[in-house]
Amino acid sequence: MLQEPCSRQPAQRVGRFTESVIREQSRIALEYGAINLAQGFPDFDPPGFLTEALREVLSTGGHHQYANTWGAPEFRLALARKIGREIGRTVDPDRELTVTCGSTEAMIASMMAILDPGDKVAVFSPYYENYAADGILAGAQAVHVRLHAPHWRFDPDELRAAFRDQGCKALVLCNPSNPCGKVFTQLELETIAGLLLEYDALAVTDEVYQHIVYNGRVHIPLATLPGMADRVITCSSLSKTYSITGWRLGYVWTAPRWTDAVRKVHDFLTVGAAHPLQMAAIAGLEQPPSYYQELSQEYARRLEILLGALSDAGIPAIRPQGAYFLLSDISATGMDDVEFCRFLARELGVSPVPGSSFFEYPVRNLVRFHFSRQDQTLHEAARRLRKLPKVL
């Protein structure tokens, strides 16, 4: 008997965003055997103290079943102590922390916990592509506030208008920023805090690159400013700090009433993060301040390798203040960003990401490179990039 095909269609919400452009560019890199400077994960192993801790956890057993849904108590205690050392106050591991499957889940769980369908949320642009999908899945509408190149500063009046005229209930803040590497200053954060207070709004912050800053810049958590403890939901992860993107360990740090809401969403999204990985990652959370200083220094050194190569190739970059991404201007090539990224992967074997995927307005002259790679990988990418003038 012939079967009629189903006439039903996918939910309308999934038609409002595309699959990840970053992951698509990774597939293009694989297609051409190119060096992947698109998807931001290291090509080196995590520190030895973490892999040794994982071996010990797996050999001793006892952590192969579900942990507490919102995080193993030992992990939350170590995380609370780390955050507490950094901000100078006590963090309650039982009432302020939720362990998630990476910061990706932390962000979507937080947005679903505070936004109702039809709510508006302000988002700085350029922005990490997940934020658009997060808002759509939460039923919210994004209101974009521009960060103006080359210093990626925002206009306080434009941000005020998002709250006053558009009625935004919350703001998404990535600090340090992916993709542009901006680190928000104390004054900028105070401006944001003042507007949150004035318009009785919340902020969801993405702070996964908090320990990767350059040239004397300092990362300041928005939640530590006066009046912000009950208005900020801080999302972060261990992925970039300890080079364990595949472990998928993130967290939400916020006031108890928001924690309760986030935990409800988290429970039904993923139940919980991997128990043995949480136990092993405690070794990372116990590292001294020198570890994070050396981390920034290592990435600063890698940054210079890529900056030099891009300058020699005639596609100069905007120097980032933090994170491990940079945006490079390809205007001189005569190509748009999508065309250039495929061309570079095919002809020179280096794969960045089209910059247009990070902006809500037409930007076709920027591409994003990441430099979370071994020295030998970056030097090889630099060698290939320097050939660009000859193949144009």
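Things to note:
- Scanning segment 72-79 for residues that are among the aromatic types (Phe, Trp, Tyr) and more than 24 Å from GLY40 (Cα to Cα) turns up at least one hit.
- Of the numbered criteria (1) crowded, with 20+ Cβ neighbours inside 10 Å; (2) touching an Asp or Glu at 6+ places or on another chain (Cβ under 8 Å), the one ILE305 fails is (1).
- Matching option when the condition is hydroxyl-bearing (Ser, Thr, Tyr), closer than 30 Å to PRO226 by Cβ and either at pLDDT 95 or above or loosely packed, with under 11 Cβ neighbours inside 10 Å (or both), among THR90, THR60: THR90
- Restricting segment 333-392 to residues that are closer than 21 Å to ALA132 by Cα, of a type in the set (D, E, K, R) and in contact (Cβ under 8 Å) with a residue 40 or more places away in the chain, the residue that is surrounded by the fewest Cβ atoms within 10 Å (Cβ to Cβ): GLU360
- Residue count, segment 345-392 (criterion: in a helix (DSSP H, G or I) and in contact with a Ser or Thr (Cβ under 6 Å, 6 or more places away or on another chain)): 1
- Residues satisfying the stated conditions in segment 31-66, i.e. charged (D, E, K, R) and out of contact with any helix residue (DSSP H, G or I) (no Cβ under 7 Å at 6 or more places or on another chain): GLU31, GLU52, ARG55, GLU56
- Pairs where the first residue, in segment 309-330, is under 16 Å from PHE358 (Cα atoms) and the second is among the acidic types (Asp, Glu) and outside any helix (DSSP H, G or I), C-beta under 7 Å, 6+ apart: none
- Which listed residue is among the polar types (S, T, N, Q), within 30 Å of ASP230 (Cβ to Cβ), in the same structural domain as ILE244 (by TED's automatic domain parsing) and over 22 Å from the mean Cα position of the chain (by Cα), from THR104, THR69: THR69
- Residue list for segment 176-194, restricted to those being touching a strand residue (DSSP E or B) at 6+ places or on another chain (Cβ under 8 Å) and either outside the structural domain of ALA161 (by TED's automatic domain parsing) or free of Cβ contacts under 8 Å to residues at least 60 places away in the same chain (or both): PHE184, GLU188, ILE192
- The condition of being among the hydrophobic types (A, V, I, L, M, F, W, C), within 21 Å of the chain's Cα centre (by Cα), under 30 Å from GLU56 (Cβ atoms) and not in a strand (DSSP E or B) does not hold for ALA223.
- Among residues that are in contact with a Pro (Cβ under 9 Å, 6 or more places away or on another chain) and either hydroxyl-bearing (Ser, Thr, Tyr) or farther than 15 Å from PRO46 by Cα (or both), THR234 is included.
- In the set (1) in the same structural domain as ASP260 (by TED's automatic domain parsing); (2) within 21 Å of the chain's Cα centre (by Cα); (3) of a type outside the set (D, E, K, R), the condition left unmet by SER26 is number (1).
- Enumerated helices (runs of 4 or more DSSP H) restricted to segment 100-198, each holding at least 3 residues that are modelled with pLDDT under 95 and buried (at least 17 other Cβ atoms within 10 Å of the Cβ): 130-137
- Note on segment 195-228: residues that are touching a His at 6+ places or on another chain (Cβ under 9 Å) and touching a residue at least 60 places away in the same chain (Cβ under 8 Å) total 5.
The values are calculated or read from the model by the stated rules, or taken from the named source; none is laboratory data. Model, not experiment: these values are computed from the prediction. Glycine gets a Cβ as well: all are built from the backbone with ideal geometry, and neighbour counts include every protein chain shown.
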